[in-house]
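The values are calculated or read from the model by the stated rules, or taken from the named source; none is laboratory data. What you see is a predicted model, and the numbers here were worked out from it, not measured in a lab. Cβ placement follows ideal geometry from the backbone for every residue including glycine, while neighbour counts extend to all protein chains displayed. Remember, those area values only see protein heavy atoms, side chains included, never the ligands or the DNA or RNA. Shrake-Rupley method; radii C 1.70, N 1.55, O 1.52, S 1.80 Å.
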Amino acid sequence: MDTTVWTVQRILDWTQSYFAKAGIESARLDTEVLLAHALKRDRIFLYTHYDRPISSQERAEFRSMVKRRASREPVAYILGVKEFYGRPFGVTKDTLIPRPETEHLIDGIIRWCKEYRASVDSDSPLRIADIGTGTGCIGITLAAELEDVRISAVDISEKALEVASANALNLGVQEKIRFVHGDLLDTAMGEQFHIIVSNPPYVEELERDNLSADVVQFEPETALFAGRDGMDIIRRLIPEAAEHLISRGLFAMEFGSSQRELVESCIDEMWVDSRVERDLQGHPRALFATRS
């Protein structure tokens, strides 16, 4: 009969070692996040109760999650939630998992809105289009952070729109957002926006074999890949955005760290004041351009 007492410390150490042997780089962090979830506590609790015994029911729930993570399923899908800009967003395998890099778009848009409001004599709502909304993390965050905005959140995936709609409801901004099933801006039909923002698919098809199993085996392919050089969607999106922005309106877009020259080659006389900003790792990551 096994009389081993599984305490918080023992199970943390064992699982971290198990994950490390499975090739998971964030072994300790993932272990702590999953155990805290199984115990329905925060991670600080683990450090202040390291000698607390784990019940058989808690171990069973934790074991199930460990098995899924060992198969390289991302923690966000296991928990069904991912934090973005300080808010929890529900995620499913129909949506891309929000990344910290994308928060850079939010910062840039908030700065632009403050400058724009200061330069115009109007208090009418700003119209924003979030193209390829996925979980809705960009559009919903902007709705929460900014006053007097009306957001159109567009996605080609109806299942992703269901997730985004639920997130908007959970975060209390559903009245500011309409969800639109469509391909890029094909449903806008003459509508003009102050801001168009997008985190489009931009991974090169040739990079498929270099991606981690966490990404390529679990995240939706249509939200990741965009042709041989990853530019298939971007080449369509930039001119469409130019057609649907007001004069001096803002276009903000995330792209791959190796795509700066390709992206800049798409910026023609329709745009002014275009600039590329780097992410926290120093990689070119976000394009901000003003409609001429």
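Couple of notes before you dig in:
- With an a/c value of 1.5 or above and a/b not larger than b/c for the gyration tensor axes a ≥ b ≥ c computed over the alpha-carbon atoms, the range 1-44 is described as oblate.
- With 0.36 nm allotted per residue and the present C-alpha distance subtracted, the LEU262-VAL276 stretch has 3.8 nm of extension available.
- When the Cα atoms of the range 57-205 are aligned to their principal axes, the ranges along those axes come out at 61, 29, 29 Å in descending order.
- Taking 0.36 nm per residue of separation and subtracting the current Cα-Cα distance, fully stretching the chain between GLU269 and GLU191 would add 26.0 nm.
- Each of GLU158 and SER71 was given a label point 7 Å from its Cα along the Cα-to-Cβ line. The distance between the two points is 2.7 nm.
- Percent carbon-and-sulfur accessible area, the chain, ignoring ligands, DNA and RNA, probe 1.4 Å: 49 percent
- What the range 1-103 shows is 57 Å² of accessible area per residue, with the surface traced by a 1.4 Å probe over protein heavy atoms.
- Distance from the alpha carbon centroid of the range 194-233 to that of the range 32-48 works out to 33 angstrom.
- Contour excess over end-to-end distance, with Cα ends at TRP6 and ASP148 and 0.36 nm allotted per residue: 45.8 nm
- Average accessible surface area per residue within the range 127-278, 1.4 Å rolling probe, Å²: 46 Å²
- The calculated FRET efficiency for ARG28 paired with ARG111, based on their beta-carbon distance and R0 = 45 Å, is about 0.80.
- Most fluctuating residue given options THR48, THR222, THR15, as computed from a GNM of the chain linking Cα atoms under 10 Å: THR48
- Three-way shape label, the range 116-161, alpha-carbon gyration tensor, a/c 1.5: prolate
- Loop-located trypsin sites (Lys or Arg not before Pro) in the range 191-247 (DSSP state not H, G, I, E or B) with no more than 13 neighbouring Cβ atoms inside 10 Å: ARG228.
- Total lysine pairs under 17 Å (Cα atoms) in the chain, excluding pairs fewer than 8 apart on one chain: 4
- Global geometry of the chain, whether rounded, prolate or oblate, following the gyration tensor of its Cα atoms and the 1.5 cut on a/c: prolate
- Comparing ARG150, ARG72, ARG59 in a Gaussian network model of the chain (Cα springs below 10 Å), the most mobile by mean-square fluctuation is ARG59.
- The chymotrypsin sites (Phe, Trp or Tyr not before Pro) found in the range 82-123 include none that occupy coil by DSSP while having at most 11 further C-beta atoms within 10 Å.
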